[in-house]
Structures are given as C-alpha cells and as structure tokens.
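Student: Here it is: the structure, laid out below.
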Amino acid sequence: MSHVVAIKDQVEAAVRAALTEVLPAELAGTDPVVRRSDRADFQANGPLAVAKRVGRAPRDLATATADRLGGSVAEAKAEGVANAAVTAEVSGPGFLNLTVPAATLWRQVAARLADESLGIATTHDGERTVIDYSAPNVAKEMHVGHLRSTIIGDTLARVLAHLGATVIRQNHVGDWGTQFGMLIQFIDEHPERTWQGEASMSALDALYRAARAAFDTDPGFADRARARVVLLQSGDEATLSTWRELVAESEAAFQAVYDRLGILLTPADADGESRYNADLRGVVDELVAQGIAVDSDGALCAFTDGVVGPDGDPVPLIVRKKDGGFGYAATDLATVRLRVEEYHATRILYVVDARQALHFRMVFDVARRAGWLPDDVAATHVPFGTVLGADGKPFKTRDGGTVRLDDLLDQAVERARAELAEKDHGLTPEEFERVAQAAGIGAVKYADLSNTRTKDYVFDVDRMVALNGNTGVYLQYAYARVRSILRKAADAGVELGRPVDPTLPLHPAERALALTLDELAATLDDVAVTLEPHRLAGYLFDLARAYTEFYDRCPVLRADDDAVRAGRLALCELTGRTLATGLDLLGLAAPDRM
C-alpha cells in the first residue's frame with residue numbers, strides 16, 4: 001500500500017514554494033488558498049490575500065508568483081522531471097487560474113489504479129476510536145427513531161477503520177431498569193400471553209404496553225413490579241432467566257434488522273446498560289469523595305459551570321435519584337471510564353440525537369473533573385436531526401404510532417421494485433430481487449447520509465428511489481454502467497489494464513473526471529474530522545455526474561485509437577473502484593447489473 005499525493009496537495013505545494021520565493025522571509029510558507037475552479041483546474045487566492053501585508057499591488061504579486069511557477073515548469077522540463085507544476089494565469093484583481101498538465105493527470109490515474117487502496121493514506125493509524133451507536137431497547141421493536149444513529153454511526157465506523165483507526169463498535173442496548181421488572185412480572189402473571197415465536201418482538205411490544213397500563217392503573221401490580229425489580233437487581237435466578245430470554249430474543253431481532261440494513265454491528269458489539277449495573281455505586285461514591293457530586297433535595301447531583309436553566313438556576317446532572325436508583329448519567333459516566341481504562345480509547349464518539357446535547361456536555365465535564373476522561377482523549381457527542389413525515393412533523397404511522405423500521409424498509413423496497421420494473425433490465429427474477437433489495441435499502445440509507453447530519457429531513461420514499469438526482473439508486477446505476485462498459489470491453493477482446501499514455505491530450509470531460517477521482521482521499525479525511533457523512537455522499541454524487549458527462553461526450557469502446565481507448569478504460573476502471581469504495585463506506589451495495 002502506497003500513498004499517492006493528491007493533485008491539489010501537489011499544486012498547493014508548488015504555489016506555496018513560488019509564493020515563498022517572491023515574499024519576504026517572514027512570510028515564508030504563506031497559505032496559497034487553493035480551491036477547485038470553474039475557470040481552470042484550480043484557483044489560488046493567496047497572492048490577493050497577502051498583498052496588503054507586503055505593500056504590493058495584488059496583480060503584481062500574482063504575476064510574480066505566476067512567473068516563478070512558469071520558471072519551475074521550464075526547469076522541470078529542462079531536467080526531464082515529471083512534477084506537478086502548473087501553468088498559471090493572472091485573473092481579476094489578483095487571482096491565479098491554475099491548470100495541471102495532462103501528463104500529470106494521466107500519471108495520477110495510473111498511480112491510483114496501480115494501488116489496491118487507490119493510494120489512500122491511513123491517516124488515522126494508531127487511533128483507537130470507540131463509537132457508541134444504534135442503542136435499541138430490549139423487548140421493543142426497532143423503529144424509525146433508531147434509523148439515524150444506526151446508519152450514521154456505522155458509516156463513521158467504516159470510514160475511520162478505512163483510514164487506519166482501530167474502531168471499537170458499541171451498541172449501548174437498553175436492557176436494564178424498572179421497565180424490566182414491570183414486564184417480567186406481567187409475563188409471570190399472564191402465562192397465557194405467549195410472546196416467543198415468529199412475531200416475538202411485536203408480541204413483546206404489546207405486552208410492554210399492557211404492563212405499562214397495569215402499572216399505571218393497578219397499585220397492587222405496581223408494588224409487585226417494584227418488588228420484581230429488586231429481585232432482578234439482586235440476582236434472583238428465575239427473574240434473571242426470563243430476563244435472559246428477553247435479551248436473547250431481542251438480540252436476534254436486532255441482528256435481523258442490522259443484516260438487512262447492511263450494518264456492521266453484531267451481538268459481540270452489544271454493550272448493554274446491565275453491564276454497568278455493578279459499577280454504578282462505585283461511580284457515585286467516587287464522585288462524592290471528590291466533592292463533584294453533592295446532595296440536592298435528596299438526590300446526588302453534579303453541576304457544570306455555566307449550565308443554567310431558564311430561571312437562572314444551575315442544571316443538575318442527577319447521578320443518583322432520591323429513591324436511591326441510578327439514572328442514565330451514572331451509566332454514561334461508567335461507559336466513559338470503561339472505554340478509557342479497558343479499551344484504551346483515544347477518541348470516543350456518542351452518536352445520539354441532538355436533544356441529548358446538554359446531557360453529554362455535562363457528562364464529559366464531570367468525567368474530566370473526575371479524572372476518568374484524560375485531556376488526551378477526545379469525547380464527542382455526534383448529534384443528528386429528526387426524520388420527518390410529509391407534514392413536517394416527526395415521522396409517525398397514520399394512527400400516530402411509531403413506524404417500525406422493518407415496515408419502512410419494506411415500503412422502500414416495494415417502491416424500488418416498481419421503479420426498476422419499468423426499466424429494460426434483462427435480469428433473472430432472482431437477480432432482479434437482489435437488485436430491488438439493494439436499491440430500496442440503499443435508497444433509505446443514502447437519503448439519510450446525503451443530508452447534513454444535524455438537520456431534520458423528510459422521509460419521501462418516491463424521491464429516495466428516483467433513478468435521477470442525488471439518490472443512492474443513481475449512484476448504484478452509475479456503478480453498474482461502469483461495470484457494463486468493462487464487461488463489453490472484455491467480451492470484445494479489448495485488453496484491459498494497458499499502460500496509460502501520459503502524452504495523450506485530455507478532453508475537458510476526461511480532465512474533469514480525473515480531477516474528481518483524485519479527491520476521494522481528501523473527502524474521507526474531511527469526514528473523519530468533521531464526522532459528517534454527507535460530505536462523502538456529496539462527493540460520490542459529483543463523481544457520478546462527472547462520469548455521466550464523460551460517458552456522454554467521450555466514446556470509450558469506439559474511441560479513435562487504442563491509446564485513447566486504453567486511457568478512457570482506465571478512467572472507467574478507476575471510477576468503478578472509487579464508486580465501489582465510496583458506496584461500501586456508506587454501507588450501500590454496489591450491484592454489477594441493474
């Protein structure tokens with residue numbers, strides 16, 4: 001595996017070196033401010049930005065920089081060196097329009113193709129990142145509220161691992177607490193209400209609602225349920241046996257959803273609340289001993305400087321309730337401590353909805369003050385918005401209930417089937433069904449990931465499965481189109497993998513595609529830093545559009561000669577591999593045929 005330096009990085013280095021030669025010594029290394037441009041390959045605004053500081057007219061400084069870049073090109077040619085130097089033209093008040101030689105772009109395509117990792121550096125090698133995501137509740141069906149945490153967390157896990165980090169996935173399942181005493185007691189008292197079987201989770205959902213109703217209306221049952229909680233917490237074997245059955249049945253149901261969604265989580269990643277039950281008393285005792293947790297109206301609470309409510313009073317982080325029970329805060333503090341001490345995390349990500357922002361701010365503050373979260377370990381709440389219905393309100397069923405995740409996926413797959421059936425696909429029934437599943441599931445995931453993480457979005461299945469526009473299906477079709485060309489080439493006896501001729505001229509569509517292909521590594525680094533998967537989704541959409549433009553304007557199999565055909569096939573192959581890599585990192589299937 002080798003690291004291929006991106007064209008933009010090479011251009012930045014060249015312009016920075018040229019600027020350094022024409023600026024005073026104290027301004028050596030000035031940022032050249034290079035970005036992609038519609039007027040050339042790149043535009044550099046560095047000369048314009050720094051001109052005032054050196055008392056020179058921006059155009060004069062830009063011209064001097066361009067001359068220096070021209071000298072670099074001439075020197076390189078004289079020495080027979082293939083470098084990433086650029087030709088520069090001064091534009092406007094002092095911009096530089098930069099064009100990369102065709103030979104440099106062709107060599108870059110060849111270099112990325114020659115590397116099985118596409119030349120992407122493992123920029124996060126050595127990091128140990130714990131990612132807490134999904135977190136469904138035992139004895140309850142997964143619903144639309146679990147969608148975003150599951151999909152976003154999984155994509156971040158994939159991207160960070162791809163960049164070399166050791167990723168520890170943690171599914172913080174809700175499997176402990178008062179609700180389980182209530183449910184187990186109800187099951188014990190109603191043996192006629194069976195729940196194990198094909199529709200176990202639906203049955204458990206119904207049992208839970210019935211148990212809650214009894215708890216709220218029958219004081220006698222409420223007392224028996226509380227007593228059952230005590231038995232659960234004290235390790236009563238009969239109670240624990242039923243609890244284990246609930247956990248096992250739920251884990252199997254969760255796994256079926258994860259497998260269908262193409263999520264990496266497995267039962268080995270389960271990190272249930274029950275795991276921390278024995279640690280909570282020690283967590284609270286240590287906070288009290290350090291003076292961090294104090295009595296507040298009978299509860300033990302910690303406070304964070306500057307965190308106050310609307311009335312101006314400090315907001316408490318309740319670590320032990322008045323009744324002696326422990327809440328989410330104590331459990332979350334225990335997770336921080338374990339993830340640092342046992343997993344040796346250098347970074348911890350909590351992919352939890354935006355409404356928990358204040359909670360995590362206070363948990364991280366308390367954990368740092370307690371010494372459980374050292375300064376060299378980053379802890380980050382990764383918030384996300386809500387999935388909305390067409391009415392702009394949180395997505396619900398027609399009767400106001402929570403939408404089951406399986407029902408939502410069924411709906412998307414059905415719409416994908418209908419959309420794909422209208423195309424002349426030539427697939428066998430089995431192939432068609434696989435493609436419909438991949439398209440429907442991929443449509444749901446891509447619709448989520450292509451939106452800015454922190455914003456709400458509307459669940460519109462018709463738009464999601466559209467064959468055009470910024471959709472997962474469009475990207476899957478782009479990949480299938482690439483594979484189709486490569487198959488046709490092989491069937492026609494055209495030799496694939498021929499060396500690319502760097503002396504070939506570049507059609508504008510070839511140039512645009514080559515430059516876009518070169519941006520994958522920078523995009524992945526961006527996602528790893530910002531924790532915003534929509535940047536990868538947006539890149540892949542741009543790549544698919546650039547490929548469509550290339551496909552429409554540049555004949556591949558009917559190219560003018562063998563060298564041109566070889567270059568265009570190389571662009572096709574690199575596009576296919578780049579799309580496949582990107583789709584996999586988003587957790588989307590990439591069917592060869594559609």
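The values are calculated or read from the model by the stated rules, or taken from the named source; none is laboratory data. Here the structure is a predicted model, which means the values were calculated and not measured. Backbone-built Cβ (ideal geometry, glycine too); neighbour counts: all protein chains shown. Heads up: the accessible areas ignore ligands, DNA and RNA and are worked out on the full protein's heavy atoms, side chains in. Shrake-Rupley method; radii C 1.70, N 1.55, O 1.52, S 1.80 Å.
Student: Quick check: anything in the stretch 457-471 part of a helix (DSSP H, G or I) and aliphatic (A, V, I, L, M)? Talk me through it step by step, then tell me what you get.
Tutor: Filtering the stretch 457-471 down to residues part of a helix (DSSP H, G or I) leaves 461-464.
Of the ones still in play, those that are also aliphatic (A, V, I, L, M) are 461, 464.
Yes; the residues of the stretch 457-471 include at least one that is part of a helix (DSSP H, G or I) and aliphatic (A, V, I, L, M).
Student: Name the residues in the stretch 1-36 that are of a type in the set (Gly, Ala, Ser) and either in contact with a Ser or Thr (Cβ under 6 Å, 6 or more places away or on another chain) or assigned to a helix (DSSP H, G or I) (or both), would you?
Tutor: Once the filter is applied, which keeps residues that are of a type in the set (Gly, Ala, Ser) and either in contact with a Ser or Thr (Cβ under 6 Å, 6 or more places away or on another chain) or assigned to a helix (DSSP H, G or I) (or both), the stretch 1-36 yields Ala13, Ala14, Ala17, Ala18, Ala25, Ala28.
Student: Mind counting the residues in the stretch 253-294 that are of a type in the set (D, E, K, R), farther than 22 Å from Gly371 by Cβ and surrounded by fewer than 14 Cβ atoms within 10 Å (Cβ to Cβ)?
Tutor: Number of matching residues: 1.
Student: Could you tell me how many of the residues in the stretch 295-314 are surrounded by 18 or more Cβ atoms within 10 Å (Cβ to Cβ) and within 34 Å of the chain's Cα centre (by Cα)?
Tutor: 3
Student: In the stretch 461-494, which residues are open to solvent by 50 Å² or more (accessible area, probe 1.4 Å), touching a residue at least 60 places away in the same chain (Cβ under 8 Å) and touching a helix residue (DSSP H, G or I) at 6+ places or on another chain (Cβ under 8 Å)?
Tutor: Answer for the stretch 461-494, where residues must be open to solvent by 50 Å² or more (accessible area, probe 1.4 Å), touching a residue at least 60 places away in the same chain (Cβ under 8 Å) and touching a helix residue (DSSP H, G or I) at 6+ places or on another chain (Cβ under 8 Å): Asn470, Arg481, Arg483.
Student: Is there any pair linking a residue in the stretch 314-340 that is on the phi > 0 side of the Ramachandran plot to one that is assigned to a loop (DSSP other than H, G, I, E, B), with Cβ under 7 Å and at least six apart or on different chains, and which?
Tutor: As it stands, the answer is none, since no pair meets every condition given.
Student: Got a sec? Which of Ala514, Ala559, Ala563 is farther than 21 Å from Arg453 by Cβ and assigned to a loop (DSSP other than H, G, I, E, B)?
Tutor: Unique residue meeting the criteria: Ala559.
Student: Which pairs do you get when a residue that is among the polar types (S, T, N, Q), found in the stretch 242-255, comes within reach of a residue that is exposed (fewer than 15 other Cβ atoms within 10 Å of the Cβ) and part of a helix (DSSP H, G or I), reach meaning Cβ atoms under 8 angstrom, with the pair 6+ apart or on two chains?
Tutor: Thr242/Asp188; Gln255/Pro267
Student: I'd like to know if the stretch 231-238 contains one or more residues that are within 19 Å of Gly174 (Cβ to Cβ) and loosely packed, with under 13 Cβ neighbours inside 10 Å.
Tutor: no
Student: With open to solvent by 50 Å² or more (accessible area, probe 1.4 Å), closer than 26 Å to Arg463 by Cα and within 19 Å of the chain's Cα centre (by Cα) as the only criterion, which of Thr386, Thr402 stands out?
Tutor: Numbers: Thr402 fails: within 19 Å of the chain's Cα centre (by Cα).
Step by step, each of Thr386, Thr402 is checked, and only Thr386 is open to solvent by 50 Å² or more (accessible area, probe 1.4 Å), closer than 26 Å to Arg463 by Cα and within 19 Å of the chain's Cα centre (by Cα).
Student: Is at least one residue of the stretch 129-144 buried (at least 18 other Cβ atoms within 10 Å of the Cβ) and in a helix (DSSP H, G or I)?
Tutor: yes
Student: Take the residues in the stretch 358-384 that are in contact with a strand residue (DSSP E or B) (Cβ under 6 Å, 6 or more places away or on another chain) and aliphatic (A, V, I, L, M), then tell me which one is nearest to Val315 (Cα to Cα).
Tutor: Checking each candidate, the answer is Met362.
Student: OK, next. Against the conditions (1) surrounded by 22 or more Cβ atoms within 10 Å (Cβ to Cβ); (2) modelled with pLDDT of 95 or more, where does Gly181 fall short? Just the number, please.
Tutor: Condition not satisfied by Gly181: (2).
So that you can scan it fast, the table gives a plain yes or no per residue for (1) in a helix (DSSP H, G or I); (2) of a type outside the set (Gly, Ala, Ser); (3) surrounded by 20 or more Cβ atoms within 10 Å (Cβ to Cβ):
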site: Arg498; (1), (2), (3): no, yes, no
site: Pro505; (1), (2), (3): no, yes, no
site: Leu524; (1), (2), (3): yes, yes, yes
site: Val529; (1), (2), (3): yes, yes, no
site: Leu540; (1), (2), (3): yes, yes, yes
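Rundown of residues vs (1) aromatic (Phe, Trp, Tyr); (2) over 34 Å from the mean Cα position of the chain (by Cα); (3) open to solvent by 50 Å² or more (accessible area, probe 1.4 Å), yes/no style:
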site	(1), (2), (3)
Gly29	no, no, no
Ala44	no, no, no
Pro47	no, yes, no
Lys52	no, yes, yes
Arg56	no, yes, yes
Asp60	no, yes, yes
Thr65	no, yes, no
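Student: In the stretch 366-389, which residues are assigned to a helix (DSSP H, G or I) and either modelled with pLDDT under 95 or in contact with an Asp or Glu (Cβ under 8 Å, 6 or more places away or on another chain) (or both)?
Tutor: Once the filter is applied, which keeps residues that are assigned to a helix (DSSP H, G or I) and either modelled with pLDDT under 95 or in contact with an Asp or Glu (Cβ under 8 Å, 6 or more places away or on another chain) (or both), the stretch 366-389 yields Arg368, Ala370.
Student: Of the residues Asp332, Asp353, only one is crowded, with 23+ Cβ neighbours inside 10 Å and under 19 Å from Pro136 (Cα atoms); which?
Tutor: Asp332
Student: Check the stretch 410-425 and report whether any residue there is open to solvent by less than 20 Å² (accessible area, probe 1.4 Å), closer than 22 Å to Asp353 by Cβ and either touching a residue at least 60 places away in the same chain (Cβ under 8 Å) or of a type outside the set (Gly, Ala, Ser) (or both).
Tutor: no
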